[in-house]
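Worksheet for the structure shown next.
The values are calculated or read from the model by the stated rules, or taken from the named source; none is laboratory data. In this text the structure is predicted, and so the values were computed from the model without any measurement. Neighbour counts are summed over all protein chains in view; Cβ atoms, including those assigned to glycine, are modelled from backbone coordinates with ideal geometry.
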Amino acid sequence: MNISFDAVPIINGKMTGVGWCEVGQTMAMARLHPEDNFYYSFFSRKDDHIKLEKLAPFSENIGANIAHFSGLLYRTASVVLPIPHKWFFKQKSDITHFFNYIAPPGVDGKTVITVHDMVYRTYPETVRGRTKKILDMGLASSMKRADMIVTVSEFSKSEIIRYFPQHESKIRVVPCGVDLDRFKPCQQPERIPEVKKKLGIEGEYFLYVGTIEPRKNLERLINAYNIFCQHEKDAPKLVLAGGKGWLYDGIFQRVTDLKLEDKVLFTQYIPDEDMNPLMCGALAFVFPSIYEGFGIPPLEAMACGVPVLASNAASLPEVTGDCAVTCDPYSEEEIAEGLRRLYSDSELRADLSRRGLERAKTLTWDSSAEKLYSVYKELMK
């Protein structure tokens, strides 16, 4: 088979969860199936080398399929005009997969899209206006055009069916995975204090990794942490690691209002080489998100042997299983109690660490890629 992967989630800015999901699945698939031909496809009016440099770390066994035309101009025009996508690409494909919801018209071969969640419908107030507008305008027609719709959890499948029941028969669940080479118990423990010093972290700390935005429930986490601190004189720091999303001012203001500036640390985006030491150095990982299609960060923490406190909502129980302390994301008292349990009970932390490591071994990118490949094979029958 000739299989093309739309590279936009990888080459446009700093990668988010969508980009890492694409990288994990595509790299594993290309390695596991050398009998097929794989390509990253993208538009590039100029500066091909910049995009190719971004793709280079992920391009082993995967070629490039470049359309020398403005991608922005094409995407804008194709919203109102059914301009065939395949007109711009020389390399012909049996399957073209778009990992970020939207597929344009006239794609070469079979069309697959990944729809990660329905947050723009369920919690529209937590989504950027521009993102919501794009999905409102394009997702329905994109799902209609798609030969197969991939989503990342049974929860997300139920959400898609809730809003688009007519497409139930072509939805397939392919869970995300974790890179056990990147996320594993620290092999260089001396790097933990180095990274802590670099980021200004002193002593023990709870860690959150993800975008700083409303649906991650960080204001309630900060309120819960404040409750926890009132009962613990030497409470660990709370480290919130991730780039700013949107509507983040209230999150920063909450720290100021509660006078927690010396206890809550925002680190911004963490370089890849620092992520494993930062994760492994944490007392526990906290992820009380209101809504996730999958939720890769808690899985990465488990792969590092770090105990996890996670929301019991949306897809997160599918990810963590019985290997995490869980809480109602709307209850600050429950979140605070979860922090207290993890802080005070070393046996619980050790048990969750052991079980989390075992669970992470069952959710790898290899297993994810094989499930996705089976979807492709089904399409080509």
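Screening the range 11-84 for helices (runs of 4 or more DSSP H) wholly inside it with 3 or more residues that are surrounded by 20 or more Cβ atoms within 10 Å (Cβ to Cβ) and not assigned by TED's automatic domain parsing to the domain that holds H97 returns no ranges. In the range 70-117, the qualifying residues are those that are of a type in the set (K, R) and over 16 Å from A146 (Cα atoms), and the one that is nearest to the chain's Cα centre (by Cα) is R75.
So for the range 230-250 (the condition being at pLDDT 95 or above, within 25 Å of the chain's Cα centre (by Cα) and in a helix (DSSP H, G or I)), does at least one residue qualify?
Restricting attention to the range 230-250, the residues satisfying the condition of being at pLDDT 95 or above are 230, 235-241.
Narrowing the set further to residues that are within 25 Å of the chain's Cα centre (by Cα) leaves 237-241.
Next, from what is left, pick out any that are in a helix (DSSP H, G or I): none.
Within the range 230-250, none of the residues are at pLDDT 95 or above, within 25 Å of the chain's Cα centre (by Cα) and in a helix (DSSP H, G or I).
Within the range 361-380, track down each residue that is of a type in the set (S, T, N, Q) and either under 17 Å from A303 (Cβ atoms) or part of a loop (DSSP other than H, G, I, E, B) (or both). Matches in the range 361-380: T362, T364, S367, S368. None of L221, L199, L247 is touching a strand residue (DSSP E or B) at 6+ places or on another chain (Cβ under 6 Å) and surrounded by 15 or more Cβ atoms within 10 Å (Cβ to Cβ) except L199. Taking every residue in the range 312-326 that is closer than 17 Å to V119 by Cα and pairing it with any residue that is part of a strand (DSSP E or B) and not polar (S, T, N, Q), at least 6 positions away or on another chain, the pairs with Cβ-Cβ distances below 8 Å are N312/C327; L316/F287; L316/A310. The set of residues in the range 275-297 being aliphatic (A, V, I, L, M) and within 12 Å of the chain's Cα centre (by Cα) consists of I296 alone.
Residues that are at pLDDT 90 or above and in a loop (DSSP other than H, G, I, E, B) within the range 118-136 comprise M118, Y123, listed in sequence order.
Just so you know, in the range 346-357 the residues that are without any contact (Cβ under 8 Å) to a residue 60 or more places away in the chain and touching a helix residue (DSSP H, G or I) at 6+ places or on another chain (Cβ under 9 Å) include one that is farthest from P236 (Cα to Cα), and it is R355.
Residue-wise test of (1) under 22 Å from the mean Cα position of the chain (by Cα); (2) at pLDDT 95 or above.
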| residue | (1), (2) |
| --- | --- |
| I149 | yes, yes |
| S153 | yes, yes |
| I161 | yes, yes |
| K170 | no, yes |
| V174 | yes, yes |
| Q187 | no, no |
| Y205 | no, yes |
| Y208 | yes, yes |
| E219 | yes, yes |
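Would you tally the residues in the range 85-100 being assigned to a loop (DSSP other than H, G, I, E, B) and either in contact with a His (Cβ under 9 Å, 6 or more places away or on another chain) or not assigned by TED's automatic domain parsing to the domain that holds S141 (or both)? Of the residues in the range 85-100, 2 are assigned to a loop (DSSP other than H, G, I, E, B) and either in contact with a His (Cβ under 9 Å, 6 or more places away or on another chain) or not assigned by TED's automatic domain parsing to the domain that holds S141 (or both).
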